[in-house]
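Have a look at the structure below, then the notes.
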Amino acid sequence: MTNWEHNDNLIWHPYSSLMPVFPNLPVVSAQGAHIHLKDGRTLIDGVSSWWVNLHGHSHPILAKALYKQALELEHVIFAGFTHQPATDLAAELIDYTACDFTKLFYSDNGSTAIEVALKMALQYWMNIDQPRHKIVALEGAFHGDTFGAMSVSGRSVFNKMFDSLMWEVDFIPFPSEEQEEHCLKQFEILLAQKPAALIVEPLLQGTAGMRVYRPAFLDCLFALAKKEGVICIADEVLTGFGRTGKPFASHYLKEKPDIMCLSKGLTGGTMPFGVTLANQKIVAAFDVPDLDKILYHGHSYTANPLACAVSLASLALLKESSCVVRIATLSAFQKAFAQQLKTRFQLERVDHIGTIVSFELPVEPGYLSTIRNELYAFFLAHDVLLRPLGNILYILPPYCIEIKDLERIHELIFKLLETKGFSLKPIS
Ligand SMILES: Cc1ncc(COP(=O)(O)O)c(C=O)c1O
């Protein structure tokens, strides 16, 4: 069928109005950092297709790993059975995360990895017969769209419809540098109520606007939590696999999390998959004969061998020195770009960490800011895919992006900011 896109009206797209302002663009293929459209245009993928892609689209090594695995074992029930792709990946991930984890649990995506982490943390306290129920999170956090993950996320346009149905969660303010002390004090007050767990997106809140906070703060927060036995959960769904310049944001910390959630870049962006890793403190509470202390959680596709095989291949690519160099080069370019944004333009905020730059335009704030569509259309008209978070723009490219494509995005941003009159006037 040549006009297959006509049947798109049968599909409910994510985070999209059923009366969309922009038509869904038909994609025929994608290679590297480029997305090829049916109308012949090619876009630069400046957001790694929702933060998942690491090595480029349709990567031949990942495609081969997937094909080879599909010919051997595409899937098998994972309760009562095991297989080598799952065991190899477990050993690799426990080694690569380097946080003293002793077991991991496979699931399907970022939200399920979070649900598993929350269940592990809450059940831990029940299993040791000291039930605790409260979770503490950071204001503005985003941990996913299932109910547990929504509950521990900041209340926003994404979830406010369901507010009355969500668990009660205590939020401490976002730790911008001037707020750090206040946040720690707030957390100390909450500790009196003996929370079960603390969950954070370490060093970078994604959906809240790609906003960055300091490792020193998170070290203090984790240290306070650990002193009271509170379980520390690091949601590295976005920050994992090199995005922050190091393999994991937790690698900037002295205090290690008890539980870590991974997804997005886990398969290199090829397919959905999730993992929740736990240290021995957590594992020990479940390593008992009582049948009512089992973690009663599972998904039909738990430890899917295709997902495991492609994750192994992606990890191998990530560890190659050429990829390490690419991440370092990309990070240096992004850092220099952030510096230019700070010195040349009047912006609300400019943040940079590793391969990611974000900045906030001094206009109507919020995800529904009217400038959002204008910005999105501007970049698409110039064959670049950037997805503003309201009045916040960010670049989060795959590591394979060519420098000329990155420079094109930077130039376009300068052009936009100049046209909109955000240039700093020279002092006369
Ligand atoms: C930090 C973080 N955690 C969890 C999720 C949820 O992941 P998924 O969309 O795969 O359910 C996201 C998604 O953007 C995220 O950014």
field: Overall form of the range 277-336 per C-alpha gyration tensor (a/c, 1.5; a/b vs b/c)
entry: prolate
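Out of all DSSP beta bridges in the chain, what portion is antiparallel? Express it as a percent rounded to 5. Kindly include the intermediate steps, with their values, before the conclusion.
Working: 31 of 47 bridges.
Just about 65 percent of them are antiparallel.
Counting only other residues whose beta carbon sits under 15 Å from that of GLY154, what net charge do I get with K and R as +1, D and E as -1?
Values: positive: ARG155, LYS160, ARG211; negative: GLU139, ASP145, ASP163, GLU168, ASP170, GLU201, ASP235.
Around GLY154, the surrounding residues sum to -4.
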Cα gyration tensor category, rounded, prolate or oblate, for the chain with a/c compared to 1.5: oblate
message: Connecting C-alpha atoms closer than 10 Å in a GNM of the chain, tell me which of THR370, THR102, THR276 has the biggest fluctuation.
response: THR370
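What are the trypsin sites (Lys or Arg not before Pro) within the range 219-281 that DSSP puts in a loop, where the Cβ has at most 13 other Cβ atoms within 10 Å? All intermediate terms of the calculation are to be shown ahead of the outcome.
Details: sites: LYS226, LYS227, ARG243, LYS254, LYS264, LYS281; in loops: ARG243, LYS254.
Of the trypsin sites (Lys or Arg not before Pro), the ones in loops of the range 219-281 whose Cβ has at most 13 other Cβ atoms within 10 Å are LYS254.
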query: What pairs from LYS342/LYS420; LYS246/LYS293; LYS194/LYS256 go past 25 Å between their alpha carbons?
result: LYS246/LYS293
field: Built amide H within the under 5 Å cut-off of GLY32, gap 5+
entry: HIS57
message: Quick query: amide H of THR102 versus all other amide H atoms, modeled in the peptide plane; which residues come in under 5 Å with a sequence gap of 5 or more or a different chain?
response: ALA278, ASN279, GLN280
- prompt: So how strong a dipole does the range 62-319 carry about its Cα centre when Lys and Arg Cβ are +1 and Asp and Glu Cβ are -1, to the nearest 20 debye?
  reply: 320 debye
field: For the range 210-226, Karplus couplings with θ = phi - 60° (6.51, -1.76, 1.60), whole Hz, Gly/Pro x
entry: 6, 9, 9, 9, 8, x, 4, 5, 5, 4, 5, 4, 5, 5, 4, 4, 5
- prompt: What list of ³J(HN,Hα) values in whole Hz, one per residue of the range 271-276 in order, does the Karplus curve 6.51 cos²θ - 1.76 cosθ + 1.60 (θ = phi - 60°) give from phi, with Gly and Pro shown as x?
  reply: 7, x, 5, x, 9, 10
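Pairs of Cα atoms under 8 Å, at least six residues apart: use those to get the relative contact order of the range 62-319, whole percent.
Working: 470 pairs, mean separation 79.2, N = 258.
Result for the range 62-319 is 31 percent.
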query: ³J(HN,Hα) across the range 373-388 via Karplus (A = 6.51, B = -1.76, C = 1.60, θ = phi - 60°), whole Hz, x for Gly/Pro?
result: 5, 4, 5, 4, 5, 4, 6, 4, 4, 9, 6, 10, 9, 10, 10, x
- prompt: Going down the table (LYS64/LYS264; LYS254/LYS335; LYS103/LYS335), which pairs top 31 Å between alpha carbons?
  reply: LYS103/LYS335
statement: The long-range amide H neighbours of ARG211, using H built 1.01 Å from N in the peptide plane and a cut-off of under 5 Å, are GLN205
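Rule-based calculations on the coordinates, nothing more; no lab input. Nothing here was measured: the structure is a model prediction, and the numbers come from that model. So basically every Cβ, Gly included, is an ideal-geometry build from the backbone, and we count neighbours across all protein chains shown.
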